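Trainee: Let me begin by handing over the structure; questions about it come next.
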Amino acid sequence: MPTPEFIVKMREKIGNDPLWLPGVKAVVIHEDRVLLVRRADNGKWTLPAGILEPGEEPAVAAVREVFEETAVHCAITRLVGVATTDEALYPNGDRAQYLDIILAGEYLGGQATVNDDENLEVGWFALGQLPVLPPKHSRAIAWALEPKETGHFITGPADRT
């Protein structure tokens, strides 16, 4: 999916200056495998993720992003944690940082396949055989695997790993 129109309009005013945006990451686990995408912009394997549209609920955004990127249908089951991402520098020079709302999802159906132009590959990976992931994506998976009563919220500099 191309850059959302509301961001394009903001970029017309501020250029490549950093944007602070709400984002979601979805940890969809099915039969001890996690759904991952390999991004077209940097070649890295990551969790499905994206930007909330103005007024959009985080769980709705996560379900939308998972489907847009992977053709997989899921239902969000719980909030896993809230943190921040590292600042992203995109190939066009745009900079952004995200409030990272991490949600666990349940697989409902669909065949995992590339469903957009943002990704090169999509796949289910055994939890013990994950490709190299950015640290905060690995952290999100670890958080999602912990007991359901546990929520993760970064509370100080020591928590920022």
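The values are calculated or read from the model by the stated rules, or taken from the named source; none is laboratory data. Please read all numbers here as calculations on a predicted model, not as lab measurements. Ideal geometry is used to build each Cβ from the backbone, glycine not excepted, and the neighbour counts take in all protein chains shown. Surface areas here come from the heavy atoms of the whole protein model, side chains and all, with no ligands, DNA or RNA. Shrake-Rupley method; radii C 1.70, N 1.55, O 1.52, S 1.80 Å.
Trainee: What do you reckon, is residue 46 surrounded by 12 or more Cβ atoms within 10 Å (Cβ to Cβ), among the hydroxyl-bearing types (Ser, Thr, Tyr) and within 14 Å of the chain's Cα centre (by Cα)?
Mentor: Here the answer is yes, as residue 46 does meet what is asked.
Trainee: Right, another one. Can you pull out every residue in segment 87-112 that is touching a residue at least 12 places away in the same chain (Cβ under 8 Å), in a strand (DSSP E or B) and surrounded by fewer than 17 Cβ atoms within 10 Å (Cβ to Cβ)? Give the derivation first.
Mentor: Step one: filter segment 87-112 for residues touching a residue at least 12 places away in the same chain (Cβ under 8 Å), giving 87, 90-112.
Next, only the ones that are in a strand (DSSP E or B) stay: 95-109.
The answer is 95, 97, 99, 106, 108, 109.
Trainee: Filter segment 63-94 down to the residues that are of a type in the set (A, V, I, L, M), closer than 18 Å to residue 141 by Cα and touching a Lys or Arg at 6+ places or on another chain (Cβ under 8 Å) and list them by number.
Mentor: The answer is 83, and nothing else.
Trainee: Kindly evaluate residue 122 against the criterion of being among the aliphatic types (A, V, I, L, M), modelled with pLDDT of 95 or more and surrounded by fewer than 16 Cβ atoms within 10 Å (Cβ to Cβ). Show your work before the answer.
Mentor: Details: among the aliphatic types (A, V, I, L, M): yes; modelled with pLDDT of 95 or more: yes; surrounded by fewer than 16 Cβ atoms within 10 Å (Cβ to Cβ): no.
Here the answer is no, as residue 122 does not meet what is asked.
Trainee: Identify the single condition in (1) part of a loop (DSSP other than H, G, I, E, B); (2) closer than 19 Å to residue 144 by Cα that residue 66 does not satisfy, given that it satisfies every other one.
Mentor: (1)
Trainee: Continuing with the same structure: Any residue in segment 140-157 that is part of a strand (DSSP E or B), in contact (Cβ under 8 Å) with a residue 12 or more places away in the chain and open to solvent by 50 Å² or more (accessible area, probe 1.4 Å)?
Mentor: Of all residues in segment 140-157, those part of a strand (DSSP E or B) come to 152-153.
Narrowing the set further to residues that are in contact (Cβ under 8 Å) with a residue 12 or more places away in the chain leaves 152-153.
Cutting the leftovers down to open to solvent by 50 Å² or more (accessible area, probe 1.4 Å) gives us 153.
Yes, the conditions are met somewhere in segment 140-157.
Trainee: State yes or no: is residue 84 loosely packed, with under 15 Cβ neighbours inside 10 Å and within 15 Å of the chain's Cα centre (by Cα)?
Mentor: Working: loosely packed, with under 15 Cβ neighbours inside 10 Å: yes; within 15 Å of the chain's Cα centre (by Cα): yes.
In short, yes.
Table: residues versus (1) closer than 19 Å to residue 110 by Cβ; (2) open to solvent by 50 Å² or more (accessible area, probe 1.4 Å).
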| site | (1), (2) |
| --- | --- |
| 2 | no, yes |
| 7 | no, no |
| 17 | no, yes |
| 24 | yes, no |
| 34 | yes, no |
| 42 | no, yes |
| 50 | yes, no |
| 60 | yes, yes |
| 67 | yes, yes |
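Trainee: Under 7 Å by Cβ, and 6 or more places apart or on different chains, what pairs join a residue from segment 52-80 that is among the β-branched types (Val, Ile, Thr) with one that is crowded, with 24+ Cβ neighbours inside 10 Å and in a loop (DSSP other than H, G, I, E, B)?
Mentor: 66/48; 66/72; 70/48
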